[in-house]
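First up is the structure itself, then whatever we jot down about it.
Just so it is clear, none of the values below were taken in a lab; they were calculated from the coordinates. Keep in mind that what you see is a predicted model, and the values were worked out from it rather than measured. Note that each Cβ is placed from the backbone with ideal geometry, even for glycine, and that neighbours are counted across all protein chains shown.
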Amino acid sequence: MTEEISGYKAVKRLAVERPDWLPIVQECLNLSKEIKGDFAGTWVFKRVQKKGLRFSNLRLLVSFGILRKEGTSRAGRRAYYSMVNLEGVEQALNELTK
């Protein structure tokens, strides 16, 4: 239960402190639901780039507790992430976009 609350609260806090990152969180959520597992940061980057958004890495979302870094591959150049709490993040995003 605490993870669900923290995912929800983390997105709500992000909305106040860094609202420009909400579309990036939405893409992370979309990817996580489509793949049903870990996803690469570069996949998120390519998706948001098409929408005219940019970021250097997803460490901010890890520090907020929205994502968890799962590891790296490709000689350490590709980082993989998972949603800490998909349901809580989705609920917060839905409330924020109403």
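Observations, loosely collected:
- Tilt relative to the chain, helix 2-17 - C-alpha long axis, 0 to 90 degrees, to 10: 90 degrees
- Backbone HN-Hα couplings from phi across segment 20-35 [Karplus 6.51/-1.76/1.60, Hz, Gly and Pro as x]: 5, 8, 4, x, 6, 4, 4, 5, 4, 5, 4, 5, 4, 6, 5, 7
- Summary value for the chain: 40 percent relative contact order, contacts being C-alpha pairs under 8 angstrom separated by 6+ residues.
- Taking a straight line from the alpha carbon of K46, these lysines sit under 20 Å away, with near neighbours fewer than eight places off in the same chain left out: K33, K36, K69.
- Structure-derived P(r) over Cα pairs in 5 Å bins from 0, in percent - corresponding label in [x] 2, 12, 17, 21, 19, 15, 9, 4, 1, 0; [y] 3, 13, 22, 25, 19, 12, 5, 1, 0; [z] 3, 14, 27, 26, 20, 7, 3, 1, 0: [z]
- The angle separating the long axis of helix 86-96 from the principal Cα axis of greatest extent in the chain is about 60 degrees.
- Whole-Hz Karplus values for segment 47-52 come out as 5, 6, 4, 5, 9, x Hz, taken residue by residue from phi with 6.51 cos²θ - 1.76 cosθ + 1.60 and θ = phi - 60°; glycine and proline positions read x.
- Dipole moment magnitude, nearest 20 debye, segment 2-96 about Cα centre, only Lys, Arg, Asp, Glu C-beta charged: 580 debye
- Farthest toward the positive end of the dipole of the chain, out of C28, A40, L93, is the Cα of A40, where the dipole comes from beta carbon charges about the Cα centre.
- Summed over qualifying helices (DSSP H, 4 residues or more, each -39500 (n - 2.57)) and divided by its residue number, the chain shows a 222 nm mean residue ellipticity of -17000 deg cm²/dmol.
- Extension reserve of the L53-S82 stretch, reckoned as 0.36 nm per residue once the Cα distance is removed: 8.4 nm
- In nm, spacing of pseudo-spin labels at E95 and D20 (7 Å Cα→C-beta vector): 2.5 nm
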